[in-house]
1. Run down Val266, Val190, Val200 and say which single residue is β-branched (Val, Ile, Thr), part of a helix (DSSP H, G or I), crowded, with 16+ Cβ neighbours inside 10 Å and assigned by TED's automatic domain parsing to the domain that holds Asp512.
2. I need every pair where a residue in the stretch 250-273 that is free of Cβ contacts under 8 Å to residues at least 40 places away in the same chain has its Cβ under 6 Å from the Cβ of a residue that is open to solvent by 40 Å² or more (accessible area, probe 1.4 Å) and of a type in the set (D, E, K, R), sequence separation at least 6 or different chains.
3. Looking at the stretch 199-233 only, could you name the residues that are touching a helix residue (DSSP H, G or I) at 6+ places or on another chain (Cβ under 8 Å) and at positive phi?
4. Scan the stretch 212-221 and tell me whether some residue there is under 20 Å from Val537 (Cβ atoms), open to solvent by 10 Å² or more (accessible area, probe 1.4 Å) and part of a helix (DSSP H, G or I).
5. Could you pull out the residue among Leu62, Leu19 that is surrounded by 23 or more Cβ atoms within 10 Å (Cβ to Cβ) and modelled with pLDDT of 70 or more?
6. Starting from residues that are farther than 29 Å from Gly213 by Cβ and among the hydroxyl-bearing types (Ser, Thr, Tyr), keep the ones in the stretch 530-585 and report whichever is modelled with the highest pLDDT.
7. Answer yes if at least one residue in the stretch 386-406 is open to solvent by 20 Å² or more (accessible area, probe 1.4 Å), closer than 25 Å to Asp570 by Cβ and free of Cβ contacts under 8 Å to residues at least 60 places away in the same chain, and no otherwise.
8. Might you check whether a residue that is hydrophobic (A, V, I, L, M, F, W, C), outside any loop (DSSP other than H, G, I, E, B) and under 20 Å from Ala233 (Cα atoms) occurs anywhere in the stretch 518-531?
Amino acid sequence: MRRTAAIIAGAAAFAFMLLTVPWNLEACVAGCAGEETSLFPDVALLRVYLVEALVLATILALILVPVLGIRNAAAPEESAVRAALGETTHASLGRALVIGLRDGATAVAFAYVIAGTLHVGIEVSRGWEPFSASADAWQMRLVEAFAAVVALTVAHGVVALRRRGTPVDRLHADSRRQATGMPRRGALAVAVVGALAAGVVVGLAASHGTMPGYRVTNAAGIAVGIAWLASVALAFGVALPWARVLAVRTLAAASRTVAGFGATRVGAVLDARSRTGSRAMGRAVVALGGLAFMWTAFVTSNPGIEQSDRYFGSFFVWGDHDRQETAARLDRIEGVATVIVAPAAHVASTWKTIVAVEPERLRAVDPELAEALTRHPGAAAAGRITSVTDLGVGTAVPTGIVPCATCTDAYVDATPAWERAADRTAYLIYVSDTADLTAVASGMDGVSRTGGDDAGFGMSVPASTDSGGFTDMLLSLLGGGIVLAIPMAALALGVIRAGAREAATMAALGADARSQRWAITLEVWAVGAVAVGVGTVAGAAVRIVMTMLERARVSLTGVITDTYIGAGLDSVNGTAALAGAVGFTAVFGAVATLGAWMVRLETPAQAMHEGLVGVAR
């Protein structure tokens, strides 16, 4: 399964890389323009990237170890043959690490090049210079590539350190039921560590105000990292091993159901397979559930308020100009329904423009944004900002941050302090239901081209109103799902080949081949559904809990959360999770079904003979 493990590592990295490709680049005006691509992020971002790389590498390694362990137990293990020839454990470990590093680097290099090509292609096709936008995307993809390579290397090393046995040893080990996961005391210890870490975060958030000092915020960040690792350990050490037990019970129930419909031979075979508990299928449960867990836990929604779907964007003008004339010209653009004029200030360090607008002026056209500014006076509604200091302009600093899922700019209630800090004028544009968004954008561009010589112009358009943004992001998620389906297919074929020995042995004892193949077909569908279901539920649970803890942590830097449970629930991308669960189960089941009806059922003696011939070659 070495090739399958490399495919899984590369495909997983590529799926996450697809999420950083700037699909809706035309909407990225304030956040991308003027950035310089660099491979070296600042210290703050580096810390965040390292934590993300550690979590991703840990999850991938936990998936890849059982994948590498899936093999035909009757075939002689290469490491056992090498050990018999005198190879030491140290030499075996070094060889395994080199193999993992080489396979991981090759697979991830392909993924990085393809994602980078897509990135540059989108830039060029939409009028940008190559490598001129979204520098953090290149850095994030390097982190994901590094995590995948480390995960595959570590997985090869872990498998190499396991006891190397003869084919007879492998047969004996495969006949035993697998352990049901982490020992109870170990699971309890991990749960206690995770609970203590969560308690530290909640305690710091409850006992300290906004911006308490770097020691407090660093301690909260470390505690969140520990909670992440504890959650992942419990998922792979408790939830997914429990899925193996649930899969066995499901097979037993399926055997009784099938026998009740008259297919007694198929039912008997299913019952026998549920009692033997194949190690190959057990490891497949962990690997399959782990991929579903990773998909659900990391492909998330952005919780927060949303601007009106009629908000098209903002037109900014700095320097001397006639405000009334500019507003009138914008209002005359076909499709524009409302133009709201407000003072604004640009924060160069975060590429955010802060618009100071009275909530009552927004009430009729953007009620959710108006309600947020009214409910939290002095706070700013903003997206992708986690500290009030990132939005300060001189003496004007917001009292808090209301997370906004669709806000490109930041919005505060108009006060004298913000009006004095303003260095430009914002024209918030709301369009009608039937507006042609492309025509509106062209009209805004026409206003900027006919402005005065002393005035500067800029535009900001959120992705939610970009004509291709939703479709492009949907394609990104769909592409990521298809990419992850590739290792699902490889895993299914590996499981069928590794489990063919049990079927052949039962056939030798009198079970007909047709009943065997029908039993395998039912088994893979049942096991796949159970594994993906448990992995999806575990991923959703971890995402909810960790979002709540993350919101508690960022409350120390001013982020406001009205309901932590609501934020956690909103962070789970239900559509992507459901689509992933159905798609992964369908791919695994369909490919495994095809393999079950095509694989040659060989006896243990035949497998050992062919394996020895392969090693000799």
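1. When all the criteria are applied, what remains is Val266.
2. Correct list of pairs: Ser255/Asp271.
3. Met211
4. no
5. So the residue among Leu62, Leu19 that is surrounded by 23 or more Cβ atoms within 10 Å (Cβ to Cβ) and modelled with pLDDT of 70 or more is Leu62.
6. Checking each candidate, the answer is Thr536.
7. Yes - at least one qualifying residue is present in the stretch 386-406.
8. Yes, that holds for at least one residue.
The values are calculated or read from the model by the stated rules, or taken from the named source; none is laboratory data. All values derive from a computational prediction rather than experimental measurement. When we count neighbours, we look across all protein chains shown, and the Cβ atoms used for this are built from the backbone with ideal geometry, even at glycine. Please note that ligands, DNA and RNA were not included when accessible areas were found on the heavy atoms of the full protein model with its side chains. Shrake-Rupley method; radii C 1.70, N 1.55, O 1.52, S 1.80 Å.
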